[in-house]
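Each remark here refers to the structure printed beneath this line.
The values are calculated or read from the model by the stated rules, or taken from the named source; none is laboratory data. Please read all numbers here as calculations on a predicted model, not as lab measurements. No Cβ is skipped: glycine too gets one built from the backbone with ideal geometry, and neighbour counts run over all protein chains shown. Ligands, DNA and RNA are excluded from the accessible area calculation, which covers all protein heavy atoms including side chains. Shrake-Rupley method; radii C 1.70, N 1.55, O 1.52, S 1.80 Å.
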Amino acid sequence: MTDSFRRSGEYPQGDDHGSAYPEQQSHHSSPANPEWPPPPAYDPAAPVHVEPGTTVWPGSGHGGGGGNGGHGAGPYAGYPEPDPVGSTAAFATAAPSHPEPPAAATGRRRAKGPFALLAAVAIVAAAIGGGTAYAFQELTGNDTVASSSSTSTSVVPTSQRGTVSGVAKAVSPSIVEIGATSNAGSSTGSGVIITTGGEIVTNNHVISGASEIKVQLSDGKSYTAKVVGTDSKKDLALIKLENAPSGLKPATLGDSDGIQVGDQVVAIGSPEGLTGTVTSGIVSALDRDVTVSTDESQGRQQQQGGGSGQWPFEFGGRQFNGDTGSSTTTYKALQTDASLNPGNSGGALIDMNGNIVGINSAMYSAASDSSSSSSSAGSVGLGFAIPINTVKSDLATLRAGGSDS
């Protein structure tokens, strides 16, 4: 039965090839010089290398190095011998020349490649930080908001991290100037691009009652925008560019719950129409109760005659920048000493990693008591911003038309 398993040419047979075993050959077939063994009856098979240091030869398992009962010194020294029992096994494993390392060590060595690759991926992911959120947004659609779950996620290049200039360079392309025109006059505010499709978050009081809205990007180009939704109770609005250009850079929305008093922040907006103005300061307080008007006409009265105007608000039982009227709403705000002036409303308050942590909404003006000199109003270090977590929780409502619809 075993003969049927022999491969063609494995064991030479017949008179033309002579006996497969040299000791059975006739004397007339002996070589002319008996000092030299006859050549093998067939070409030796090439070695098969499996593990480092281990060589497997076809045949019965006898290596070519001797120590196998005298066969190593015979005429087939260094060549495989025929399997005397016709075993069906194609290969036999020879003992390695060096001991195999323990199984545990081998496992660790084999796993080194994948683990090293995973570690490299983790390092790259950490290096690109918030850039990952932006890339995810690009892949999943224009209306996906780039959001950071932690204020430690950085969109600022490592070499400029923690610097005002680094934050300004990274985030300024995401901040726009908004010009709103109504029957009562015109006003200037700011906004934050949140999607590549042209969605922009701003204050409700910046665009309320507007018959026309113009948006100027950081590159100076202007576009018309339409209102998507408003929420006067939170002083928030969502507008969207018409025929939005490609290449818009959305801001990354951070986590305002992680902000602490004393944290350094940067404000970017268009005070008095000065597009892209950058100021810096710290977070002065948390959870300040700020009251603003929800009456559209009340706010417009402060802006008649053009200019940036000032939106009235209440804080600590006192009114600033005019009368808020009888229709008001109160929200919890971040207080900052970063310089805010008329026109900063709707702009961004940013942490030092480049994440948006608030939407600037109100600022105290020392000249607010003089209705004829609003343009001379200046910042005295009392500004307020709507926490970005409030904005994020309100986005679905704004996209559906807002609570005022």
Check your understanding: Looking at segment 164-177, is at least one residue open to solvent by less than 10 Å² (accessible area, probe 1.4 Å) and more than 25 Å from the chain's Cα centre (by Cα)?
Key -> no
Review point. Name the strands (runs of 3 or more DSSP E) wholly within segment 284-341 that hold at least 2 residues that are over 37 Å from the mean Cα position of the chain (by Cα), at pLDDT 70 or above and surrounded by 19 or more Cβ atoms within 10 Å (Cβ to Cβ)?
Key: 313-315
Exercise for review: Find all pairs meeting these conditions: Cβ atoms under 8 angstrom apart; at least six residues apart or on different chains; first residue within segment 198-209 and of a type in the set (D, E); second residue modelled with pLDDT of 95 or more and in a strand (DSSP E or B).
Suggested key: E199/I193; E199/V228; E199/L238; E199/I239; E199/K240
Review point. In segment 218-255, which residue that is of a type in the set (G, A, S) and not in a strand (DSSP E or B) is surrounded by the fewest Cβ atoms within 10 Å (Cβ to Cβ)?
Key: S246
Exercise for review: Show the residue pairs that are 6+ apart or on different chains and have beta-carbon atoms under 7 Å apart, the first residue being within segment 314-330 and more than 21 Å from S379 (Cβ to Cβ) and in contact (Cβ under 8 Å) with a residue 60 or more places away in the chain, the second being outside any strand (DSSP E or B) and open to solvent by 50 Å² or more (accessible area, probe 1.4 Å).
Suggested key: T329/K233
